[in-house]
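Below is one structure, written out as structure tokens; the observations come after it.
Each value in this text was obtained by applying a stated rule to the coordinates, not by laboratory testing. These numbers come from a predicted model, not from an experiment. Reconstructed Cβ throughout: ideal geometry from the backbone, glycine too, with neighbour counts over all protein chains shown.
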Amino acid sequence: MMRSLVFCALGIWLGANGWAQVSNTDVAQEVAASVLDPSRRLEAEYLLLKAKDAAYFGEYNSALKLAKRCIRIDRNIVDAHLLAGNLLLREGKATQALRYYDRVLKLGGESVSVFQRMGSAYMSLSKHSMAETYFTRAILINSSVANSYVLRGEARMEMGRLDLAITDFNKAVELNRRLATGWLGLGRVVMDQGNFRLALEHLSKAVELAPNDPQTWFYRGMANQRSFKMVAACADFRKAVELGYQKAKAYLGSTCQ
């Protein structure tokens with residue numbers, strides 16, 4: 001009897017066109033999911049594949065909906081929770097994203113990427129100490145990933161722990177000499193410490209490695225400004241604006257006529 005009810009519910013849910021044809025679709029889904037049915041797992045995996053394809057092509061809203069549908073069918077698919085968390089974090093919905101990341105951890109999906117994402121979510125919530133904790137967990141899993149040190153260095157900068165931040169950024173560029181964010185971090189820290197000459201060296205390296213990143217130009221502009229190199233500072237700020245960094249406009253207005 002239950003078996004017939006399940007197949008009936010599935011038939012109503014899918015319908016002739018693959019979409020719900022009754023108003024209480026959620027009830028039908030719950031009944032269908034209440035019985036161990038391999039086809040439901042296959043359906044969930046299919047939805048996850050569609051979600052990943054949608055995300056790849058920039059259809060983020062569709063991707064999130066598909067990932068959530070996958071999770072409603074099977075809550076134990078790690079990649080579905082991870083994808084949903086990443087999409088929510090991309091939208092700036094850090095608190096919601098963290099719920100999905102927590103589920104990933106409960107399912108045994110610990111990884112450098114997950115801990116980096118969780119740290120980034122806490123950074124967006126201005127919970128820098130929590131962010132530092134998760135970036136550290138990423139480093140403990142794999143101490144050779146340079147970007148983890150950059151992320152932790154940024155968290156430590158926000159907390160005013162500049163000496164520790166310098167240690168992290170130095171470690172990042174030691175692991176990867178071509179990592180622009182590492183040089184950018186170093187430049188920002190030493191500039192905050194008042195060493196503008198060294199800041200210019202580091203920030204020029206960042207500009208060289210990432211000429212299309214407006215932040216590298218903006219922060220080098222700040223270092224030039226504080227070194228009283230106003231012509232160079234204005235050129236850097238203009239380039240930052242040209243690349244879409246709106247924050248630099250205020251510096252153009254106050255510094256460059």
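Normalised by the number of residues in the stretch 182-257, the mean separation of alpha-carbon contacts (under 8 Å, six or more apart) gives a relative contact order of 23 percent.
Which shape class, rounded, prolate or oblate, goes with the stretch 182-257 when its Cα gyration tensor gives a ≥ b ≥ c as root eigenvalues, a/c under 1.5 marks rounded, and past that a/b bigger than b/c marks prolate? Here the stretch 182-257 falls in the oblate category. Under 12 Å of direct C-alpha separation, and excluding same-chain neighbours fewer than eight residues apart, K52 reaches these aspartates and glutamates: D79.
Placing unit charges on the Cβ atoms only, positive for Lys and Arg and negative for Asp and Glu, gives the stretch 52-191 a dipole magnitude near 340 debye about its Cα centre.
The mean sequence distance of close C-alpha pairs (under 8 Å, at least 6 residues apart), as a share of the length of the stretch 92-188, puts its relative contact order at 20 percent. The ranking of I73, I141 from fewest to most other beta carbons within 10 Å of each one's beta carbon is I141, I73. As a rough footprinting exposure proxy, the listed residues L164, L186, L140 were ranked by other beta carbons within 10 Å of their own, and the order from fewest upward is L140, L164, L186.
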